[in-house]
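Worksheet: the structure to be examined is printed underneath.
None of the figures in this text is laboratory data; all of them are computed from the coordinates on show. Because the structure is predicted, anything quoted here is derived from the model rather than measured. Glycine gets a Cβ as well: all are built from the backbone with ideal geometry, and neighbour counts include every protein chain shown.
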Amino acid sequence: MPDVRSLGDRVLANVEHVIVGKHDAVRLALVALVCQGHILIEDVPGTGKTVLAKAIARSLGCSFRRIQFTPDLLPSDVTGLSIYNQRTQEFEFRPGPIMAQVVLADEINRATPKTQSALLECMEERQATIDGKTHAMPTPFLVLATQNPIEYEGTFALPEAQLDRFMLRLRLGYPSPSEEMRVLDQQKRVHPLGEIGEVVGVEELLSMQAAVREIYVDPMVADYIVRLVGATRSHPDVQLGSSPRGSLALYHGAQAIAALEGRDYAIPDDVKSVAEPALAHRIIVKTAATLRDVDGRQVIRDVLEIVPVEAAAVERQRVRQA
């Protein structure tokens, strides 16, 4: 089994040469990466969304393509299309930029719903059906998408089916004054993004992903996950709770957190640490609740307070740690 913690620390340190003061967000991005999950990075302009995606891509020995989403982008611009070759008198498939191991979908909410829907099959089934023919995505396959949540002109809100396919939604936020001073100093002459390179190869990444799936999750911890997700469906401020994909995101996220901390078993605290980024974007809050400034993140905080961790699970955690 590979040393997931050591390899993870290598990627984390490399990305943090560029992304200053956002250790938790970078670590969560790494969690999604080793879980074979997709990431939605959502924040205001200029906080480093695209830079984070590029830094992760450059840290891996994977093929990388960037798609700049615009209102005039067509589905075939994303997935590719078949072109008639007059020489051979046959149609030839020309793959689109989605046929890469790491895909940066920049400003994804600027594309029309028709174009956004081209990603649904790719992200979930890791294949694209074009002209009746199915084309498999490369392995590994990761979509890093960015969007600006405060700008609505010329944008199209991501449908729930699209949001649900992202394992985690991350937010970076503004840096502290000291962190911002460090950013200014780093970029005095050149951007540090140009100075980072590959630190983990494709084979190492695949071995990390396989190792994470072997992390032990006690039935008590799995039951806690199910109760958490179930509580989002019965919360009084929620119109639509998390889907079963949310349960899977919590389960695999807890495995990844455990592996990155050097453990071979998951604990309830691992579930809690990934609950908000894994579930908040899967929840539709009632209109009346939004008037009270209630959002998905607040619902998850409420659920974490309400749903108890079974005493048996806590005891097993204490015994294993001892």
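Key figures
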read-out: Centroid-to-centroid separation of segment 164-200 and segment 16-94 [C-alpha atoms, Å]; value: 17 Å
read-out: Convex hull (Cα only) mean projected area of the chain, reported in nm² to one decimal; value: 19.7 nm²
read-out: Filter on 49/114; 54/286; 114/272; 114/286; 22/286; 22/272 - keep pairs with C-alpha separation over 29 Å; value: 54/286; 114/272; 22/286
read-out: Packing rank of 214-223, 18-27, where each peptide gets the mean count of other beta carbons within 10 Å, highest leading; value: 18-27, 214-223
read-out: Relative contact order, percent, segment 177-322 [alpha-carbon distance under 8 Å, six or more residues apart]; value: 24 percent
read-out: Shape category assigned to segment 215-321 from the gyration tensor of Cα positions, a/c cut at 1.5; value: prolate
read-out: Dipole of the chain, positive end: most advanced residue of 67, 26, 202 [Cβ charges, Cα centre]; value: 67
read-out: For peptides 290-303, 80-93, 262-275, sequence by mean Cβ density within 10 Å, most packed first; value: 262-275, 290-303, 80-93
read-out: Rounded to 5, the percent of DSSP beta bridges in the chain classed as antiparallel; value: 40 percent
read-out: Residue order, fewest to most surrounding Cβ atoms within 10 angstrom, among 133, 286, 188; value: 188, 133, 286
